[in-house]
Amino acid sequence: MHQKTILIVDDEKEITNLLEIYLKNEDFHVLKFYDSDGVLDCIKNHTIDLAILDIMLPGTDGFELCQQIRQQWYFPIIMLTAKIEDIDKITGLTMGADDYITKPFNPLEVIARVKGQLRRAQMYNRSLGHSESNSEPEHQDYFVRGLELSLKNHSCHLYNEEISLTPIEFSILSYLFEHMDKVVSSEELFEAVWKEKYLNSNNTVMAHIARLREKLHENGRNPKFIKTVWGIGYMIESKS
């Protein structure tokens, strides 16, 4: 079985070393950095399964580093920060992060989040390599106004141009397509995609929808694909 490699980037050595101990105890291979220097080269030379990035890094901060990583790689990213403002969380998620943990934290919570993200990524990758069979769902391709989503190939195209989506983004879009013409609440969407209990103060869905709209070149005030039904949730309409 492949030993998963976790990348940690945090300038607080005590936190980095503590996470390393807990992760190694779960049989993860750990690569750690105390700033962003050399991180991208490390990713190029190693197979990274998940990254844990602190936001407040010297030099290139965690937001920018996350954005740089997302230009080429799509493994899960968990952001760490000492700040609790929602705007920081939303910024991290719209930069392409998959999850967000506020310091101080229980290391066991981090381990649980890591395992959850790895399970989700593994399910996504497994479905990428599945073979055709009669047991597969009949409806595996969706096409609306130039946007095409293939569940069979796990691909997304906009006007024949491929759109690179993270596993989370693909899951959100596919769930909305599977429930086309139905308003999906943020609670339903979160619990279906993240497999966790939704909290009223949770802005994770909103941030990922914003990220998806950006990739689809959507006008936030008048989106063509992912409509906002204020006070209820989101939907994709089969007709414009």
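The values are calculated or read from the model by the stated rules, or taken from the named source; none is laboratory data. These numbers come from a predicted model, not from an experiment. Cβ coordinates were reconstructed from backbone atoms using ideal geometry, including for glycine residues, and neighbour counts include every protein chain displayed. Only protein heavy atoms, including side chains, enter the accessible area calculation; ligands, DNA and RNA are left aside. Shrake-Rupley method; radii C 1.70, N 1.55, O 1.52, S 1.80 Å.
Dipole orientation for the chain: of the candidates Leu57, Ile77, Gly231, Gly231 has the Cα lying most toward the positive pole (charges on Cβ; Lys, Arg +1; Asp, Glu -1).
Of all lysines in the structure, those lying under 19 Å Cα to Cα from Lys13, and not within fewer than 8 positions of it along the same chain, are Lys24, Lys32, Lys83, Lys103. Excluding ligands, DNA and RNA, the accessible surface per residue across the chain is 52 Å² with a 1.4 Å probe.
Separation of segment 149-189 from segment 1-48 is 31 Å, based on Cα centroids. Straight-line cross-link reach from Lys224 at under 18 Å between alpha-carbon atoms covers these aspartates and glutamates, not counting any fewer than eight positions away in the same chain: Glu148, Glu161, Glu162, Glu169, Glu178, Asp181, Glu214, Glu237.
Only protein atoms count toward the accessible area here, which uses a 1.4 Å probe; on the chain, the carbon and sulfur part of that area reaches 48 percent. The calculated FRET efficiency for Ala112 paired with Asn222, based on their beta-carbon distance and R0 = 35 Å, is about 0.35.
With 0.36 nm allotted per residue and the present C-alpha distance subtracted, the Glu161-Asp41 stretch has 40.3 nm of extension available. Candidate cross-link partners of Lys227 among the lysines, defined by an alpha-carbon separation under 21 Å and a same-chain spacing of 8 or more, comprise Lys182, Lys215, Lys239.
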